[in-house]
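Colleague: Got a structure here, written out as structure tokens. Questions coming.
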Amino acid sequence: MNSAVLNLADFSAALKTRYLGRGANECHEEIDSTNNRAAVLAAQDAASGTVVMARSQSAGRGRQGRQWVSPLDGGLAFSAILRPNLPLNKLPLVTLAAGNAVCRAARVTCGVELGLKWVNDLTAQGKKVGGILAEKPLKALIVGIGINIRLNRDELPDEIKDRVDWLENLAGMPVDTNLLAAALCQSLEEELDKLEEQLYQAVIDDWKRNSVTLGKTIKATYGGAEIMGVAKDIGESGALIVEKTGGEIVELSAGEISIRMADGSYC
Ligand code: BTN
């Protein structure tokens, strides 16, 4: 078997976790969306830590109904079924924890330093490298993570061509998708452990160190309304604290908000 291709045998051999990735995992050559499949398995009481991965997705989804492009072996499409022991108001911190986890997995696997754009984007030099889609169907929390590993710019839709990057381009070397997936399970488990031990601020502080949003002047769009101000801090439940032009402090929670830099650029 070609070890560069995502497969359960090589993934499991590299795994160093207690429970994450230790369920009846699935790895598909193609699927509509790993988050959709994970929700089906969760409804059938799949164990917490079960992982669904795919070499390609035909209907990969991002936040706010956006499409997530997943060509064959172009990246990691990963969804974990989780049942974290967390109060409801701390659930938004799981997206921040997952961001920290992807940063650490990319660092240890291929030496790439990614940045975190609030709330769910993984970036490098102003381009998007990955994203997180946490969803709460019945009976579980699904944490979906997409990471671009090797894309062909000529084959990407025009609207994202110049706005994305990928790990092999940034690392200047091949990246083993199985090792990346196993490292991601380890770092995600470590981050979830911190949340369950109520070390919420440690997760927030780590996110702040990885952040490319804090300190920047941003425009936030919510419905039709636009807010402009400086991204100042992260609140106790993961909200973005913004000082509006004029001094008023507002807390933005993820929901339907999208963020741009003041000049309209992505990050
Ligand atoms: C975003 O950038 O808005 C989030 C993108 C999340 C993409 C991942 S790929 C694995 C999982 N399955 C999906 O359909 N979406 C997530």
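The values are calculated or read from the model by the stated rules, or taken from the named source; none is laboratory data. A quick note: this is a predicted structure, and the numbers were derived from the prediction, not measured. So basically every Cβ, Gly included, is an ideal-geometry build from the backbone, and we count neighbours across all protein chains shown. Ligands, DNA and RNA are excluded from the accessible area calculation, which covers all protein heavy atoms including side chains. Shrake-Rupley method; radii C 1.70, N 1.55, O 1.52, S 1.80 Å.
Colleague: Which residue, I81, I249, I234, has the most motion in a Gaussian network model of the chain that connects Cα atoms within less than 10 Å?
Modeller: Greatest mean-square fluctuation among the candidates belongs to I249.
Colleague: Quick one: dipole size for region 217-259, taken about the Cα centre, charges +1 on Lys/Arg Cβ and -1 on Asp/Glu Cβ, in debye to the nearest 20.
Modeller: Details: 3 positive and 7 negative charges, 30 e Å.
Using only the charged Cβ atoms, the result is roughly 140 debye.
Colleague: Based on the mean of other beta carbon atoms within 10 Å per residue, what is the order of 90-102, 10-22, 212-224, most packed first?
Modeller: Values: 90-102: 24.0, 10-22: 17.4, 212-224: 15.2.
Peptide ranking by packing, descending: 90-102, 10-22, 212-224.
Colleague: Please state the relative contact order of the chain as a whole percent: Cα pairs under 8 Å, 6+ residues apart?
Modeller: Reported as a whole number, the value is 19 percent.
Colleague: Using DSSP H assignments, which helices in the chain have an axial alpha-carbon span of 20 Å or above and a mean Kyte-Doolittle hydropathy of 0.5 or higher?
Modeller: On the way: long enough: 93-110 (26 Å, 1.11); 177-196 (28 Å, 0.04).
Long hydrophobic helices here: 93-110.
Colleague: If I compute solvent accessible area with a 1.4 Å probe over the protein chains, what percent of it on region 137-176 is carbon and sulfur?
Modeller: On the way: 1030 of 2020 Å².
C and S atoms contribute 51 percent here.
Colleague: Once neighbouring chains are kept in place and the probe is 1.4 Å, which whole percent of the accessible area of region 1-115 is contributed by carbon and sulfur? Each step should come with its number before you reach the end.
Modeller: Working: 2500 of 4870 Å².
Percent of accessible area from carbon and sulfur atoms in region 1-115: 51.
Colleague: Please give the length that would be gained between M228 and I241 if that part of the chain were fully extended, namely 0.36 nm times their separation in residues minus their C-alpha to C-alpha distance (nm, one decimal).
Modeller: Working: separation 13, 0.36 × 13 = 4.68 nm, distance 1.19 nm.
Full extension from M228 to I241 adds 3.5 nm.
Colleague: At q = 0.12, 0.13 Å⁻¹, what log₁₀ I(q)/I(0) does the chain have when each alpha carbon counts as one equal point scatterer in the Debye sum?
Modeller: Rounded to two decimals, the profile gives -0.68, -0.81.
Colleague: Mind checking which aspartates and glutamates have their Cα closer than 14 Å to the Cα of K219? Skip sequence neighbours fewer than 8 apart in that chain.
Modeller: E243, E251, E256, D263
Colleague: Shifting gears a bit: What pairs from K90/K216; K90/K136; K139/K208 go past 20 Å between their alpha carbons?
Modeller: Working: K90/K216 25 Å; K90/K136 13 Å; K139/K208 31 Å.
From the list (K90/K216; K90/K136; K139/K208), the Cα-Cα distance tops 20 Å for K90/K216; K139/K208.
Colleague: With a 1.4 Å probe and all protein chains left in place, how much of the accessible area of region 217-259 comes from carbon and sulfur atoms, in whole percent? Intermediate values should be presented prior to the final figure.
Modeller: Numbers: 1100 of 2280 Å².
With neighbouring chains kept in place, the figure for region 217-259 is 48 percent.
Colleague: Continuing with this model, one more query. Taking a probe of 1.4 Å, how large is the accessible area per residue of region 95-218, in Å²?
Modeller: Working: 4800 Å² over 124 residues.
Per-residue accessible area for region 95-218 comes out at 39 Å².
Colleague: Then there's this: Pulled fully out, how much extra length does the chain show between L199 and D158, if you take 0.36 nm times their separation in residues and subtract their Cα-Cα distance?
Modeller: Numbers: separation 41, 0.36 × 41 = 14.76 nm, distance 4.22 nm.
In short, 10.5 nm is gained.
Colleague: Please give the charge dipole size of the chain, origin at the Cα centre, charges +1 on K and R Cβ atoms and -1 on D and E Cβ atoms. Round to the nearest 20 debye. Write down the numbers at each step before the final one.
Modeller: Working: 29 positive and 34 negative charges, 38 e Å.
Approximately 180 debye in magnitude.
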